[in-house]
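Asks: One structure is given below, represented as structure tokens, and several questions about it will come after.
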Amino acid sequence: MLRPLAVAVAAGLALALAGCADGGAAGDTAGGARVLSVFAAASLTDAFSEIGEVFSSSSPTSSPGVEVRFNFGPSSGLLTQLLEGAPADVYASADEATMDEARAGGAVAERPTAFARNVLALAVPAGNPVRVRGLADLARDELLVGLCAAEVPCGRLARQLLDREAVRVAPDTEEPDVRSLLTKIEAGELDAGLVYRSDVRAGGARVEGIEVPESEEVGTTYPVAPVARAAEPELARAFVAFVVSGEGRRILADHGFLAP
Amino acid sequence: MLVGLAGLAVAFVALPFVGLLQRAPWSGLPALLARPLVAEALGLSLSSALAATAISVVVGVPLAWVLARHDFPGRALVRALVTLPMVLPPVVGGAALLFALGRQGLVGRWLETQFGILLPFSTAGVVVAQTFVALPFLVVTVEAGLASGDPRYEDAAATLGASRWTAFRRVTLPLVAPSIVAGAVLCWARALGEFGATITFAGNLAGRTQTLPLAVFLALEDDRDAAIALSLVLVAVSLAVLVALRGRWFARL
């Protein structure tokens, strides 16, 4: 009775370990193409998807074809995955603090390159039904206001900005990431929220942006770097170089990002 | 062979918990658990899951009875509809709730203008989201209990002059009591672990809508020790309830 059980437990462990080793795409080949795995902050979803397309079609190393696979998520969540050994070639975070942690934890060895800046903007449902004009309106009691949670960069930035401007906000929800905050504003369930300037562009016609001049002072800088244990280090460096190239900068600007 | 496969299943389920325990910050645990956020999230989780279970029992038992005892056109459809939240990704359920019961939603707009009730971003919204995903667990369990019971007891009660309500209360309910308890426990456990529908529909705010699973998810973003501590609380509470009730009630099934 004991032995089959022991064998089963061992088999279970082996399966689990194999699962770990097999978990990712880095270094895989997809139909002969080399695969580059990029972990990037959720706010980069649209801009990086476009950069990825242009990169894989124009890269000088593209003779056997390059496929860029993205894992978009909250910077800090991606960092957790990286520190746990998730296979990735490039990491782009939404703030320098998270990238510093990645370097301290050994997930990133090379010096990161700053490639974009983002500032916060007010987002309201299309038509601005409750007439939000500026940051101070967020303190209005009758409004349903959303912020990002303090645990994620956009939430840290929002609190920094509100503290600086001495605006006291009692949010009705603290969303885990900027996209879910934007979704609730688009749906008209929240009256206003603080999101990245670039997200207002991504929100399309159902959301309206109101620039916050004060936010220029507390923007966030996006760094990018190859991952220390990248399966495709060369390709990773080429991707980083492409992001900071004129072409990369143009795409980022199209999506509402500022130059670093 | 069978024992081997069973062992594999146990190992598969147990392994993640071993991982959790191995990473647990044991020495810092008391300080981590003493934070007001933990008590708040735990209290909210326990009470909202209890409320969701109570609502599920009140409407779910009659529904299970109708499905088990009455043949009507569209019964298969109703049954499929009721179990849909079991297979649907909870986030989809949460979005659907938002579009129906949110303040721009079909019913939500009416609730707000007529009664001033706003479900999203409220504790009531948490209960609604949990009820939505947990109700099927109760209905399915109770319906199975009813289906295996003999309807002739109810018929006999009716012949002896009992009204339908009396027969249901005095005969049917006692017969399926174990199924109701088992269903309620499953329902409560599902509500306690609810994440996707809650965060999508009710949002996340400490003390109002932040249940333990939401607190764990956010803590994972910047404080892994706190996330593990919170997870341990959730595991301990769930395990205690399941073990206690299993010993007492499930043996009878």
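Asks: Which of the residues spanning the range B:39-56 are touching a Gly at 6+ places or on another chain (Cβ under 8 Å) and among the aliphatic types (A, V, I, L, M)?
Replies: Answer for the range B:39-56, where residues must be touching a Gly at 6+ places or on another chain (Cβ under 8 Å) and among the aliphatic types (A, V, I, L, M): just B:44.
Asks: Within the range B:96-127, how many residues turn out to be touching a residue at least 40 places away in the same chain (Cβ under 8 Å), open to solvent by less than 40 Å² (accessible area, probe 1.4 Å) and part of a helix (DSSP H, G or I)?
Replies: 6
Asks: Just one of A:127, A:52, A:134, A:155 is out of contact with any Gly (no Cβ under 7 Å at 6 or more places or on another chain) and outside the structural domain of residue A:177 (by TED's automatic domain parsing); which is it?
Replies: A:52
Asks: If you scan the range B:144-163, which residues turn out to be over 16 Å from residue B:67 (Cα atoms) and either open to solvent by less than 80 Å² (accessible area, probe 1.4 Å) or under 31 Å from the mean Cα position of the chain (by Cα) (or both)? Talk me through it step by step, then tell me what you get.
Replies: Our first condition is that a residue be over 16 Å from residue B:67 (Cα atoms); within the range B:144-163, this holds for B:152-153, B:155-163.
Once the filter is applied, which keeps residues that are over 16 Å from residue B:67 (Cα atoms) and either open to solvent by less than 80 Å² (accessible area, probe 1.4 Å) or under 31 Å from the mean Cα position of the chain (by Cα) (or both), the range B:144-163 yields B:153, B:156, B:157, B:158, B:161, B:162, B:163.
Asks: Do the conditions hold for residue B:7, that is, is it more than 22 Å from residue B:238 (Cα to Cα), free of Cβ contacts under 8 Å to residues at least 24 places away in the same chain and within 11 Å of chain A (Cβ to nearest Cβ)? So that I can check it myself, show each step before the final result.
Replies: Details: more than 22 Å from residue B:238 (Cα to Cα): yes; free of Cβ contacts under 8 Å to residues at least 24 places away in the same chain: yes; within 11 Å of chain A (Cβ to nearest Cβ): yes.
Taking the combined requirement at face value, the residue satisfies it.
Asks: Hey, another quick one. Can you tell me how many residues in the range A:183-228 are without any contact (Cβ under 8 Å) to a residue 40 or more places away in the chain, open to solvent by 30 Å² or more (accessible area, probe 1.4 Å) and in contact with a Pro (Cβ under 9 Å, 6 or more places away or on another chain)?
Replies: 0
Asks: Still on this model: When the residues of the range B:162-175 are filtered to those that are among the polar types (S, T, N, Q) and free of Cβ contacts under 8 Å to residues at least 60 places away in the same chain, which remaining residue is farthest from residue B:141 (Cα to Cα)? Walk me through how you get there before you give the answer.
Replies: From the range B:162-175, those among the polar types (S, T, N, Q) are B:163, B:166, B:172; that's our starting set.
When the remaining residues are screened for being free of Cβ contacts under 8 Å to residues at least 60 places away in the same chain, the result is B:163, B:166.
Details: B:163: 26, B:166: 23 Å.
Filtering first and then ranking leaves B:163.
Asks: Can you spot a residue in the range B:176-186 that is under 25 Å from residue A:82 (Cα atoms) and in contact (Cβ under 8 Å) with a residue 24 or more places away in the chain?
Replies: No, the range B:176-186 contains no residue that is under 25 Å from residue A:82 (Cα atoms) and in contact (Cβ under 8 Å) with a residue 24 or more places away in the chain.
Asks: Has the range A:85-98 got at least one residue that is open to solvent by 60 Å² or more (accessible area, probe 1.4 Å) and at pLDDT 95 or above? If you could, list the steps in order and put the result at the bottom.
Replies: Taking the range A:85-98 and keeping what is open to solvent by 60 Å² or more (accessible area, probe 1.4 Å), we get A:96.
Imposing the further condition that a residue be at pLDDT 95 or above reduces the set to none.
Among the residues of the range A:85-98, not one is open to solvent by 60 Å² or more (accessible area, probe 1.4 Å) and at pLDDT 95 or above, which makes the answer no.
Asks: Quick one: residue B:235 ticks every box in (1) touching a residue at least 60 places away in the same chain (Cβ under 8 Å); (2) over 15 Å from residue B:130 (Cβ atoms); (3) crowded, with 22+ Cβ neighbours inside 10 Å except a single one, so which number is it?
Replies: (3)
Asks: Can you name the residue in the range A:71-81 that is more than 16 Å from residue A:156 (Cβ to Cβ) and touching a helix residue (DSSP H, G or I) at 6+ places or on another chain (Cβ under 6 Å) and is also most open to solvent (accessible area, probe 1.4 Å) among such residues?
Replies: By that ranking, first place goes to A:72.
Asks: Any chance you could count how many residues in the range B:27-51 are among the hydrophobic types (A, V, I, L, M, F, W, C), under 14 Å from residue B:231 (Cα atoms) and surrounded by 14 or more Cβ atoms within 10 Å (Cβ to Cβ)? It would help to see each step written out before you state the result.
Replies: The first filter runs over the range B:27-51 and keeps only residues among the hydrophobic types (A, V, I, L, M, F, W, C), leaving B:29, B:31-34, B:37-39, B:41-42, B:44, B:46, B:49-51.
If we keep only those that are under 14 Å from residue B:231 (Cα atoms) too, we end up with B:29, B:32-33, B:37-39, B:41-42.
Narrowing further to those that are surrounded by 14 or more Cβ atoms within 10 Å (Cβ to Cβ): B:29, B:32-33, B:37-38, B:41-42.
Counting residues in the range B:27-51 that are among the hydrophobic types (A, V, I, L, M, F, W, C), under 14 Å from residue B:231 (Cα atoms) and surrounded by 14 or more Cβ atoms within 10 Å (Cβ to Cβ) gives 7.
Asks: To continue, here is another question. Can you name every residue in the range B:202-219 that is open to solvent by less than 10 Å² (accessible area, probe 1.4 Å), more than 7 Å from chain A (Cβ to nearest Cβ) and in contact with an Asp or Glu (Cβ under 6 Å, 6 or more places away or on another chain)?
Replies: Hits for the range B:202-219: nothing passes.
Asks: Go through (1) part of a helix (DSSP H, G or I); (2) more than 27 Å from residue B:213 (Cα to Cα); (3) open to solvent by 10 Å² or more (accessible area, probe 1.4 Å) and name the single condition residue A:180 misses.
Replies: Of the numbered conditions (1) part of a helix (DSSP H, G or I); (2) more than 27 Å from residue B:213 (Cα to Cα); (3) open to solvent by 10 Å² or more (accessible area, probe 1.4 Å), the odd one out for residue A:180 is (2).
Asks: Checking residue A:239 against (1) assigned by TED's automatic domain parsing to the domain that holds residue A:42; (2) more than 17 Å from residue A:39 (Cβ to Cβ): exactly one of these is not met. Which one?
Replies: Status for residue A:239: all satisfied but (2).
Asks: I need the full set of residues from the range A:158-177 which are buried (at least 24 other Cβ atoms within 10 Å of the Cβ) and either part of a helix (DSSP H, G or I) or away from chain B (no Cβ under 12 Å) (or both), in order please.
Replies: A:158
Asks: Just the residues that are surrounded by fewer than 23 Cβ atoms within 10 Å (Cβ to Cβ) and within 13 Å of chain A (Cβ to nearest Cβ), please, taken from the range B:178-199.
Replies: Answer for the range B:178-199, where residues must be surrounded by fewer than 23 Cβ atoms within 10 Å (Cβ to Cβ) and within 13 Å of chain A (Cβ to nearest Cβ): B:195, B:196.
Asks: Give the residue that is modelled with the lowest pLDDT, with candidates limited to residues of the range A:61-70 that are part of a loop (DSSP other than H, G, I, E, B) and either among the β-branched types (Val, Ile, Thr) or open to solvent by less than 50 Å² (accessible area, probe 1.4 Å) (or both).
Replies: Initially, the range A:61-70 is screened for residues part of a loop (DSSP other than H, G, I, E, B), giving A:61-65.
From what is left, the residues that are either among the β-branched types (Val, Ile, Thr) or open to solvent by less than 50 Å² (accessible area, probe 1.4 Å) (or both) are A:61-62, A:65.
Details: A:61: 53, A:62: 47, A:65: 81.
Only one residue tops the list, namely A:62.
Asks: Can you name the condition, by its number, that residue A:241 falls short on among (1) away from chain B (no Cβ under 14 Å); (2) surrounded by 24 or more Cβ atoms within 10 Å (Cβ to Cβ); (3) under 25 Å from residue A:254 (Cβ atoms)?
Replies: Every listed condition holds for residue A:241 apart from (2).
Asks: For the structure I just gave you, tell me whether residue A:122 is within 11 Å of chain B (Cβ to nearest Cβ), in a strand (DSSP E or B), closer than 15 Å to residue A:184 by Cβ and in contact with a helix residue (DSSP H, G or I) (Cβ under 9 Å, 6 or more places away or on another chain).
Replies: Criteria not met by residue A:122.
The values are calculated or read from the model by the stated rules, or taken from the named source; none is laboratory data. As the structure is a prediction and not an experimental result, all values here were calculated from the model. Please note: Cβ atoms are built from the backbone with ideal geometry, for glycine as well, and neighbour counts cover all protein chains shown. What goes into the accessible areas is simple: the full protein's heavy atoms, side chains included, and nothing from ligands, DNA or RNA. Shrake-Rupley method; radii C 1.70, N 1.55, O 1.52, S 1.80 Å.
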